Amino acid sequence: MEEIYVRHVEFLGFEKRFFPSQHYVYMLMVKWNNLSEKLIYRGYPEIYTFHKSLMEMFPIEAGDIDKKDRIIPALPAPKWLDSQKSTETRQSTLAEYCHSLINLPPKISRCQLVCNFFKVRPEDENPPAQQPFKRNEAIVMSTDKARGNTSEISGPIILESYRVISDYSKTSKYEINLLTGDLVEIVEKSPNGWWFCQCDIKRGWVPASYLEPLDGPEEPEDADPNYAGELYITTQAYKAAQDDELTLETGETIEVIHKLLDGWWVVRKGEETGHFPSMFLHKTGEKKEMEENVIRRQIPPPRRSTIRNAQSIHGKGRKGISQNTYRRNSRRFLLQKGDWPNQPRKTSNDATQSPLQEKENGDNIPKPAGSSPGGELKKGAPFIPPRPSPELIMERCTENTCKKVSKCTSVSSAVWVTCLRQSCR
């Protein structure tokens, strides 16, 4: 039978509990050699008792006979009364202790005492019942502090709480099942739209599209659109499944104009804009590095629009931006910047022409009155600016104007243009 031993212990932080009385327990993610991962909770007095037993079992390695032979890491004795400040201060010490302990010779790191201490217990899977008016507070250790970088010490990170809007069934062992109305705490928000959450005793990845903030429908951390764009390269091909998505092949260079937390970013390719999974994008000029403790997935997370029977506690849903708005604002930005791909360059000969005479609408713009068949103006004839096409007017108008003139679509072209002009005044 294969020997089971601990191969890695990740220090996550600590939890403040109020039952049966206020106390603190540390959260440890234990990874075994059979690739299983278990979350356990241990108080500092219990950790110190284990440490003393380990030193008694290996007196030579503990330095009891000769201090030069000591290899078991030191651990300070617990205080008479623990506070949140002392519990937080000990985090880096415990993280370093666990790392050193697992790297000791196998006769110590794989002994029965160590395995029994890190083995999951019934109380780890079923923590004590919470107080009706006080929830347990989980405080996560910062990444730099967990890796031993204590040059900059930041305050504790209080986990954000989100609500599940629809039942979710996991598709891999790294995810967790959720029910509508469950409250989860967010441990990590990955840019690819998969968030690492904790729900009671369960921990795993879930799609961000199944979660909503408790305060309101809007995501407070969603960035505003950046129509200047950032250059990215597609690392995997994707075929659009909805009308507001883009189909791209591997190796195409695009511009990201809006990074959304659900993992579906808005990108621009030429004149077109659309949603594209961020997990298939890599920023140009950066080395592609594998992220630690991030499960690489083959499929992007589901979008909010594909979730059936979504039940939100907020009266109004998220105010999403339509692709028409993205496209119109993108064109307006590029026109102002002078980077519009179909915009003709102005020369001294056409400096007196109307700016509405654009190349892409050349077929829709009638020739000026008084012009000859060759396109040249008669001498002495006043220049009459051409009337823009309805399509060009719609591009230049705001979204509210487009809604106002939507009732005019059934009338003739001339009446329709007149209605547009009146609405744009």
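The values are calculated or read from the model by the stated rules, or taken from the named source; none is laboratory data. As the structure is a computational prediction, the values presented were derived from the model and not from experiment. Cβ placement follows ideal geometry from the backbone for every residue including glycine, while neighbour counts extend to all protein chains displayed. Just the protein is used for accessible areas: all its heavy atoms, side chains included, with ligands, DNA and RNA removed. Shrake-Rupley method; radii C 1.70, N 1.55, O 1.52, S 1.80 Å.
Look at the stretch 258-272: where a residue is closer than 11 Å to P225 by Cβ and a partner is β-branched (V, I, T), sitting 6+ places away or on another chain with Cβ atoms under 7 Å, you get H258/V266; W265/V256; V266/I257; V266/T273; R268/I254; R268/I257.
In this entry, N177 passes the filter for residues that are within 23 Å of S312 (Cβ to Cβ) and surrounded by fewer than 17 Cβ atoms within 10 Å (Cβ to Cβ). Number of residues in the stretch 319-339 that are among the β-branched types (V, I, T) and either open to solvent by 70 Å² or more (accessible area, probe 1.4 Å) or assigned to a helix (DSSP H, G or I) (or both) equals 1. Hey, among the residues in the stretch 83-110 that are more than 17 Å from M27 (Cα to Cα) and surrounded by 17 or more Cβ atoms within 10 Å (Cβ to Cβ), which one's farthest from the chain's Cα centre (by Cα)? Among residues in the stretch 83-110 that are more than 17 Å from M27 (Cα to Cα) and surrounded by 17 or more Cβ atoms within 10 Å (Cβ to Cβ), the one farthest from the chain's Cα centre (by Cα) is I108. In the stretch 191-204 there is no residue that is within 25 Å of Y26 (Cβ to Cβ) and at pLDDT 90 or above. Considering (1) within 25 Å of E188 (Cβ to Cβ); (2) modelled with pLDDT of 85 or more; (3) surrounded by 15 or more Cβ atoms within 10 Å (Cβ to Cβ), the lone condition that C115 does not fulfil carries the number (1).
Of all the numbered requirements in (1) open to solvent by less than 40 Å² (accessible area, probe 1.4 Å); (2) in contact with a strand residue (DSSP E or B) (Cβ under 6 Å, 6 or more places away or on another chain); (3) over 22 Å from P277 (Cβ atoms), L183 misses one, and that requirement is (1). The residue pairs whose first member lies in the stretch 44-63 and is over 15 Å from T93 (Cβ atoms), whose second member is of a type in the set (D, E, K, R) and open to solvent by 30 Å² or more (accessible area, probe 1.4 Å), and whose beta carbons are closer than 7 Å, counting only pairs six or more residues apart or on different chains, are I60/D69; E61/D69; E61/R70; A62/R70; G63/D69; G63/R70.
Checked against (1) touching a strand residue (DSSP E or B) at 6+ places or on another chain (Cβ under 8 Å); (2) open to solvent by 60 Å² or more (accessible area, probe 1.4 Å); (3) modelled with pLDDT of 60 or more, N293 passes all but a single condition, namely (3).
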